[in-house]
Amino acid sequence: METNLNDYENRKFMILNVSELELIDFTQVSETSIDTVRKSIDGAKTFVKWESEEIPSSVLSLTTSEGPYTYDEISIILNGPEWTDDRQMPWVQQVIIEDLILLKMV
């Protein structure tokens, strides 16, 4: 199944402290439970997403929220060092090494 980037046009994201997860009404966001959220490397932050311009009421009531962000904005954040540890993904390092080798060969 091919993913169309327009599918994410209305999707919004909010970062929050894990300590506030119990305040989220999971019927209002795309995640299904506390157990299905992605966490930052240190485990202190997470995020939720929804498909609307309107911020869900349970998300709006958070005191540690950052956002809302668009798909493009959250993608940049989640690829940063707070959320992605390249040491946990050795294949990323291998691809970078292979790309560097190819560049020297050109």
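Do we find a residue being in a loop (DSSP other than H, G, I, E, B), charged (D, E, K, R) and surrounded by 11 or more Cβ atoms within 10 Å (Cβ to Cβ) anywhere in region 3-24?
Among the residues of region 3-24, not one is in a loop (DSSP other than H, G, I, E, B), charged (D, E, K, R) and surrounded by 11 or more Cβ atoms within 10 Å (Cβ to Cβ), which makes the answer no.
What's the number of the condition residue 54 fails, among (1) in contact (Cβ under 8 Å) with a residue 12 or more places away in the chain; (2) outside any helix (DSSP H, G or I)?
Looking at each condition in turn, residue 54 falls short on (1).
Table: residues versus (1) modelled with pLDDT under 95; (2) of a type in the set (S, T, N, Q).
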{"position": "27", "(1), (2)": "no, yes"}
{"position": "36", "(1), (2)": "yes, yes"}
{"position": "42", "(1), (2)": "yes, no"}
{"position": "54", "(1), (2)": "yes, no"}
{"position": "60", "(1), (2)": "no, no"}
{"position": "67", "(1), (2)": "no, no"}
{"position": "71", "(1), (2)": "yes, no"}
{"position": "75", "(1), (2)": "yes, yes"}
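The values are calculated or read from the model by the stated rules, or taken from the named source; none is laboratory data. Values in this document were obtained by computation on a predicted structure and should not be read as measured data. Because the Cβ atoms are built from the backbone with ideal geometry, glycine has one as well, and the counts that use them run over all protein chains shown.
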